[in-house]
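One structure is given below, encoded as structure tokens.
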Amino acid sequence: MISAPENTTVKSRLLALWREMLAHMRCDGAVYACVAIYTLICFGVLQFYGRWDQSSHTLYFVQWPLLFLWFMPMMAITFDLVCGIHRFGGNRGRAYRRFFGAKRLARLFAGMVLLMALMIFQGSFTSLKNMLPILADGFRYDTLHADIDRYIHFGYDPWRLLYPLAGHPIVLAILEWNYSVLWFVICFASLFFVATSAWADGIRTRYMLMFMFVWVFCGNVLAGLFLSAGPAFYGEVTGDHSRFADQLAFLADGQARSFQLYLWQIYENGSAGFGSGISAFPSVHVGLITMNALFLSDRFPKLAWLAAAYTMLIVVSSVYLGWHYAIDGYVSVVVVALAHGLLKSWEARSQFRSPQAVLIDGKD
């Protein structure tokens, strides 16, 4: 049985944790506001067109919490404990107090709440992406984008330049794993880290705004204005099944092609699914890795070359796997780099920073 003094101490600690958590959530207010506005716009579009069947919000209610409320927190806590025990040696009590103190837990919990808001954001994004063919009256730019690709690549469709060098099943398996699994780990582990770690206090708001910018501006606005389906669906949307036939035949037994067929089936059924929606221009896949590469390069300039090389690998992979025309990736890199520079410059001028900024910019 807990004595009265001990009970008071527990309550005071919980109250301190709650207050610290609320302070962090207030610092994240701009992100919550953007999520709310975007979600209201999404609901308005669905209501106006009477297409609530395209809503994808509930599809994220299982996988997203499992990832961000269970798996990644457990990984983060385990990593903290291992590092703490290694750092503090035999003084494990000090390590536990450091990593389970009010400040650390408050940022962790506040970040998890923020990630649940982003779950709603992702549901809104997928819903609006599902609506793009309806709003744009179909995929009207595939022929133009493919022709631009051929023009700027010396008269060749870019995949034809790649396959003589890398048209092998082993290369296909490696690039598929990298494009789906490793890319996902990098992008969403980075999202979790920025949301939940005090080390990211100096960049959190800017990172989250850029994260949403990539999805909304690249994945909704530009995609809707110049809607294309990509090489994987070129025959279905243009009637020309021969242009990418050899590429699709090579991809036929791979994971990428299986998921492409899944997306097309959902599109034909007029339904919504997890990760559904088809649009190629510009590439959100490339946009997100470009964004992370830029933030990594800001913090660790010596790794800029590695970040740039991996970004280029994703650009090449998006073409190799039939998801995108090359210009989809090129435009994403340019748009995200410009937005990153402008937002960073504006933040520096206006001193638009989290009050807790301490480490990312090199100041203790």
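Taking the listed residues R204, R160, R150, the one that is open to solvent by less than 70 Å² (accessible area, probe 1.4 Å) and either out of contact with any Gly (no Cβ under 8 Å at 6 or more places or on another chain) or farther than 21 Å from A280 by Cα (or both) is R204, with no other qualifying.
Can you find, within region 259-290, the residue that is surrounded by the most Cβ atoms within 10 Å (Cβ to Cβ) among those that are of a type in the set (V, I, T) and in a helix (DSSP H, G or I)? Residue satisfying both the conditions and the ranking: T290.
Would you say F274 is out of contact with any Pro (no Cβ under 9 Å at 6 or more places or on another chain), modelled with pLDDT under 95 and hydrophobic (A, V, I, L, M, F, W, C)? Answer is yes for this residue. Considering A223, A256, A232, A293, the condition of being in a helix (DSSP H, G or I), without any contact (Cβ under 8 Å) to a residue 24 or more places away in the chain and among the small types (G, A, S) is satisfied by A293 alone. Scanning region 295-311 for residues that are more than 17 Å from the chain's Cα centre (by Cα) and open to solvent by 40 Å² or more (accessible area, probe 1.4 Å) yields D298, R299, F300, P301, K302, L303, W305, L306, A308, A309. The residues in region 6-62 that are in contact with a helix residue (DSSP H, G or I) (Cβ under 8 Å, 6 or more places away or on another chain), open to solvent by less than 90 Å² (accessible area, probe 1.4 Å) and not in a helix (DSSP H, G or I) can be counted, and the count is 4.
Among the criteria (1) under 29 Å from F48 (Cβ atoms); (2) hydrophobic (A, V, I, L, M, F, W, C); (3) open to solvent by less than 50 Å² (accessible area, probe 1.4 Å), the one L172 does not fulfil is (1). At least 2 residues being acidic (D, E) and touching a Pro at 6+ places or on another chain (Cβ under 9 Å) is the threshold, and among the helices (runs of 4 or more DSSP H) wholly inside region 133-209 those reaching it are 142-152. Of all residues in region 322-333, those that are over 13 Å from L288 (Cβ atoms) have Cβ atoms under 6 Å from Cβ atoms of residues that are modelled with pLDDT of 95 or more and open to solvent by 40 Å² or more (accessible area, probe 1.4 Å), 6 or more apart or on another chain, in I327/I148. Does A198 qualify as being modelled with pLDDT under 95 and over 28 Å from G235 (Cα atoms)? Answer is yes for this residue.
Just checking, does region 297-306 include any residue being free of Cβ contacts under 8 Å to residues at least 40 places away in the same chain and aromatic (F, W, Y)?
So the first thing to find is which residues in region 297-306 are free of Cβ contacts under 8 Å to residues at least 40 places away in the same chain, and the list is 297, 300-306.
Of the ones still in play, those that are also aromatic (F, W, Y) are 300, 305.
Yes, there is a match, as at least one residue in region 297-306 is free of Cβ contacts under 8 Å to residues at least 40 places away in the same chain and aromatic (F, W, Y).
Look at region 153-170: where a residue is of a type in the set (A, V, I, L, M) and a partner is in a loop (DSSP other than H, G, I, E, B) and surrounded by 10 or more Cβ atoms within 10 Å (Cβ to Cβ), sitting 6+ places away or on another chain with Cβ atoms under 8 Å, you get L161/H153. The one condition from (1) open to solvent by 50 Å² or more (accessible area, probe 1.4 Å); (2) within 19 Å of the chain's Cα centre (by Cα) that L342 does not meet is (2).
Conditions tested, residue by residue: (1) farther than 14 Å from T196 by Cβ; (2) in contact with a Gly (Cβ under 9 Å, 6 or more places away or on another chain).
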site	(1), (2)
L15	yes, no
E20	no, no
G29	yes, no
A33	yes, no
A36	yes, no
T58	yes, yes
Q63	yes, no
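The values are calculated or read from the model by the stated rules, or taken from the named source; none is laboratory data. What you see is a predicted model; the values in this text were computed from it and never measured. Virtual Cβ from ideal backbone geometry, glycine too; neighbours counted across all protein chains shown. The area values use the complete protein model at the heavy-atom level, side chains included, leaving out ligands, DNA and RNA. Shrake-Rupley method; radii C 1.70, N 1.55, O 1.52, S 1.80 Å.
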